[in-house]
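So the structure is just underneath, and the comments pick up after that.
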Amino acid sequence: DGLVVKDVDESTEAFEKGLRAGDVITEAGQQKVLSVGELEERIAEAKEAGRKSLLLLVRRQGEPRFVALTLES
């Protein structure tokens, strides 16, 4: 369970960090995410806490990997 990535713009940092269409984001900031709203909440919480990045747990074909997403201030 998680968020399936539909498309990744090749000009974005997410693409540079290895995020690809078909990946499934299962956690953000070590908390499960099941909706875009939950992911947005984790991003907002991290920004409010003054963090510069948010660690995502992503699965590709069942294999887990971590992607650190830089947060814009």
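Observations on the model:
- Normalised by the number of residues in the chain, the mean separation of alpha-carbon contacts (under 8 Å, six or more apart) gives a relative contact order of 30 percent.
- In a DSSP loop and with at most 15 other Cβ atoms within 10 Å, the GluC sites (Glu not before Pro) in the chain are 10, 72.
- The calculated 222 nm mean residue ellipticity attributable to helices in the chain amounts to -6500 deg cm²/dmol, summing -39500 (n - 2.57) over DSSP H runs of n ≥ 4 and dividing by all residues.
- Compactness check for the chain: Cα Rg over 2.2 N^0.38 Å is 1.02.
- With respect to the chain, whose longest principal axis is taken over its alpha-carbon atoms, helix 36-48 is tilted by about 40°.
- Placing a label point 7 Å from the Cα of residue 30 along the Cα-to-Cβ direction, the residues of the range 36-73 whose backbone N falls under 12 Å of that point are 55.
- Here's how it looks for residue 23: its modeled amide H is under 5 Å from those of 5, which are all 5 or more places away or on a different chain.
Any read-out appearing in this document is the output of simple, stated calculations on the displayed coordinates, not a laboratory observation. Note that the coordinates shown come from a computational prediction; the quantities given were computed from them, not determined experimentally. Every residue, glycine among them, receives a Cβ derived from its backbone with ideal geometry; neighbour counts consider all protein chains shown.
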